[in-house]
1. Across every pair of different alpha-carbon atoms, what Kirkwood hydrodynamic radius in Å does region 52-93 reach?
2. Between GLU118 and GLU87, what length in nm is gained on full extension when 0.36 nm per residue of separation is reduced by their alpha carbon distance?
3. Given H placed on each backbone N at 1.01 Å, which residues far from SER57 in sequence or on other chains put an amide H within less than 5 Å of it?
4. Subtracting the Cα-Cα distance from 0.36 nm times the residue separation, let me have the gained length for LYS48 to LYS142 in nm, one decimal.
Amino acid sequence: MSTITAEEITTEISSTELAQRVAVLKRFKILLGQQRDRFKNYLVLLDKQQSVIESGSAEDLLSYVEIEEKIVSDIFSIQKVIDPLEEMYYSVVSGKSENTADGEVPDLKASLEKLKSEAVIRSTKNKELLSKRMIELRSEIKALRDNPYAAKTRGFTGNTNSGGLIDIKG
């Protein structure tokens, strides 16, 4: 029967703690990378959506809006996992500052924040373009409704002098 010294227990805890830190760090980096990729895809989509808004194709715009909703949903889903993992990451590496814990994490976070702000700017721009386009369409519809020559022929029979009733008894 072997006896375990206090030094061996400390070493065991340290290697377990190290493995935990490495696992958390890897998962955190992967999720930040995925989030960054989602935002890059979102920015590409926003650029395409802008050209569709300007061209005025309603069907294409609808498909882009549906894709946009999916990407935004993915971004929020990943963010729900990133937030607690980030807290866990910084609690595991407590005692070290955020910048010295791992150089790659701050770079990923900075890149992600830059993409987020760019996405907000482009999304706002697209919303403004869409609002302008909606105003244009409303004015076009109003002009069509107010057109005196447009389809006002309901009930028109061609002969305005004929009577409306016919005597069938004779």
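1. Values: mean 1/r = 0.0797 Å⁻¹.
It is 12.5 Å.
2. Taking 0.36 nm per residue and subtracting the Cα distance, the gain is 8.6 nm.
3. Distant-sequence amide H within range of SER57: zero hits.
4. Working it through step by step, the gained length comes to 30.9 nm.
Only the coordinates and a few stated rules stand behind these numbers; no lab work does. What you are looking at is a predicted structure, and each value in this text was computed from that prediction instead of being measured.
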